[in-house]
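See below for the structure under consideration.
Each reported figure results from applying straightforward, stated rules to the coordinates on display, with no laboratory input. Here the structure is a predicted model, which is why all the values come from computation and not from measurement. With ideal geometry, Cβ positions are generated from the backbone for all residues, glycine too; neighbour counts draw on all protein chains shown.
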Amino acid sequence: MQTPTIVGAHLRLKDTESTDALVRYIKESLGPLGVNFLVLEFNPGYDFKCFPELASGTFGREDAQKVAAAAKEAGIRVAPLFMCLGHQGWRYGKNQLLIHYPEFDETPDVKEGIKSPDTVAGKVIHNTPDGIFYCHSWCASNDDVYKYVFPMMDEIMEDFGADCLHVGMDEVFSIAEDCCPRCVGKGRADLFARTINILHDHIVKEKGWQMMMWSDRLNNAKEFGYHAWEGDLLGIWRAADMIPTDIILADWHYDMNENGFPGFEVLMEKGFTVLPAGWRDLKQTKFLLNEARKYEKVAMDKNLPGAMAGMMITCWSEASGEFLDGMNEYVKARIQDEENIDERGIASSLVYVAGELK
């Protein structure tokens with residue numbers, strides 16, 4: 001599937017009370033601005049009908065259809081985001097999937113208050129660099145999880161009438177743990193790639209949809225000069241050579257980097273379409289887009305098999321109605337604020353990127 005230049009925005013949702021404000025934001029700001037791609041993350045935050053016990057939000061089918069209609073009218077392609085593998089909760093807390101089905105938890109015995117080096121039954125657990133357990137993952141060796149994951153994915157996609165699904169996969173630290181009897185002795189990259197390939201078989205091969213994911217775990221942090229959040233230090237990055245290259249890789253970077261972002265070129269060398277993603281710092285957004293353009297030229301000059309897709313601005317604040325109405329006013333005003341890294345910074349980055357990519 002050919003991917004046109006993406007001018008993208010990302011939002012996190014869970015409540016039906018946000019629906020009308022989101023529709024206004026789409027009609028009054030995103031559409032007129034030139035945004036043509038909208039990632040809507042439900043983490044998990046959706047009123048699932050297939051498994052009501054796993055619902056943890058009030059946003060549901062009627063809301064999805066209302067938002068999808070507004071987006072279609074504005075010329076915006078909606079891609080739901082269903083978080084896979086990692087981010088199955090936050091810090092020590094677990095989402096409904098792992099609460100109701102603890103057999104899917106990669107680290108079920110992790111308790112709040114454990115500091116680095118975390119251990120369970122004498123086995124070390126892989127933490128984030130800050131030394132505190134980050135968040136739970138589902139077990140990459142227990143395929144029974146897909147009996148629940150696939151119907152939930154399908155429900156969201158069908159409710160939106162969407163043709164592209166973002167599967168998350170970012171910031172995975174708990175994988176191939178020795179404390180998991182199914183995963184002990186297995187390679188992290190092998191399990192990460194295996195998960196992606198299972199998802200790809202369902203999403204692309206079976207359903208005919210396009211697939212997108214965050215690419216931080218596919219970046220070799222040591223080689224590229226990245227920190228341990230935007231890149232991987234555990235060897236998971238080797239999975240980039242084990243997965244289909246028709247997956248769009250949303251490659252987020254939120255900090256300045258004196259080395260630039262050489263991972264862009266490496267991923268395009270492998271044949272991937274790369275979508276750089278910024279956040280709330282307009283100065284960094286300008287730097288990131290400039291770097292993306294530099295590597296886009298490199299790709300063209302070297303005739304690399306991959307490509308640069310455009311750019312997306314992420315938003316990690318929960319998109320309440322009040323928040324969306326505020327964003328709507330900032331974007332309509334075409335704000336350009338280089339000093340604040342709050343919603344004004346997000347709006348400024350979005351306005352800047354849309355203006356540059358028109």
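Take ASP201 and GLU62, extend 7 Å from each Cα along the Cα→Cβ direction, and tell me the distance between the two endpoints in nm.
3.9
With a length cut of 20 Å (Cα positions projected on each helix's long axis) and a Kyte-Doolittle mean of at least -0.5, go through the chain and give me the DSSP H helices that pass. Show your work: numbers first, answer last.
Working: long enough: 146-160 (21 Å, -0.14); 282-302 (30 Å, -0.93); 343-357 (21 Å, 0.59).
Answer set is 146-160, 343-357.
Looking at segment 154-206, I'd like the Rg to Rh ratio, where Rg is from alpha-carbon atoms and Rh is Kirkwood's inverse mean 1/r.
Numbers: Rg = 14.1 Å, Rh = 13.0 Å.
Rounded to two decimals, Rg over Rh is 1.09.
Could you line up CYS180, CYS139 from fewest to most neighbouring Cβ atoms inside 10 Å? Show your work: numbers first, answer last.
Values: CYS180 23, CYS139 26.
Final ranking by Cβ density, sparse to dense: CYS180, CYS139.
Cut-off is 10 Å between beta-carbons; in what order do MET300, MET213 appear when sorted fewest neighbours first? List each step's numbers first, then the result.
On the way: MET300 12, MET213 24.
In increasing order of surrounding Cβ atoms, one gets MET300, MET213.
Tell me the trypsin sites (Lys or Arg not before Pro) within segment 14-110 that lie in a loop according to DSSP and have at most 16 other beta-carbon atoms within 10 Å. Present the calculation step by step, with values, prior to reporting the outcome.
Values: sites: LYS14, ARG24, LYS27, LYS49, ARG61, LYS66, LYS72, ARG77, ARG91, LYS94; in loops: LYS14, LYS49, ARG91, LYS94.
Answer in residue order: LYS49, ARG91.
When you have a sec, figure out the Kirkwood radius of the chain from all distinct Cα pair distances and drop it here in Å to one decimal?
Numbers: mean 1/r = 0.0485 Å⁻¹.
Answer for the chain: a Kirkwood hydrodynamic radius of 20.6 Å.
In angstroms, what radius of gyration and Dmax does segment 204-284 have, counting Cα atoms only?
For segment 204-284, the Cα-based Rg and Dmax read 13.0, 43 Å.
Calculate the FRET efficiency for GLN336 and ASP144 from the Cβ-Cβ distance with a Förster distance of 51 Å, rounded to the nearest 0.05.
Numbers: r = 50 Å, r/R0 = 0.98.
The calculated FRET efficiency here is 0.55.
Could you pull out the pairs from LYS222/LYS294; LYS66/LYS332; LYS72/LYS332; LYS111/LYS222; LYS27/LYS286 whose alpha carbons sit more than 24 Å apart here? Each step should come with its number before you reach the end.
Values: LYS222/LYS294 22 Å; LYS66/LYS332 22 Å; LYS72/LYS332 20 Å; LYS111/LYS222 31 Å; LYS27/LYS286 26 Å.
Among LYS222/LYS294; LYS66/LYS332; LYS72/LYS332; LYS111/LYS222; LYS27/LYS286, the Cα-Cα distance tops 24 Å for LYS111/LYS222; LYS27/LYS286.
What nm distance separates the two modelled labels at HIS100 and TRP316, each placed 7 Å from Cα along Cα→Cβ?
Calculated label separation equals 2.8 nm.
Given segment 1-95, what whole percent of its Cα pairs are spread farther than 21 Å? Kindly include the intermediate steps, with their values, before the conclusion.
Working: 1595 of 4465 pairs.
Counting every Cα pair in segment 1-95, those more than 21 Å apart make up 36 percent.
How large are Rg and Dmax for segment 292-337 when calculated on the C-alpha trace, in angstrom?
For segment 292-337, the Cα radius of gyration and maximum Cα-Cα distance read 16.9, 47 Å.
State the cysteines of the chain left without a partner when partners are defined as other cysteines whose beta carbon lies under 4.7 Å away.
CYS50, CYS84, CYS135, CYS139, CYS164, CYS179, CYS315
Pulled fully out, how much extra length does the chain show between LEU357 and TYR92, if you take 0.36 nm times their separation in residues and subtract their Cα-Cα distance? Display every interim value, and only then the final one.
Values: separation 265, 0.36 × 265 = 95.40 nm, distance 4.02 nm.
So the extension gain works out to 91.4 nm.
Stokes-Einstein at 37 °C, 0.692 mPa s, Kirkwood radius from Cα pairs: D for segment 50-89 in µm² s⁻¹? Working shown, then result.
Numbers: Rh = 12.3 Å.
In µm²/s, the coefficient is 267.
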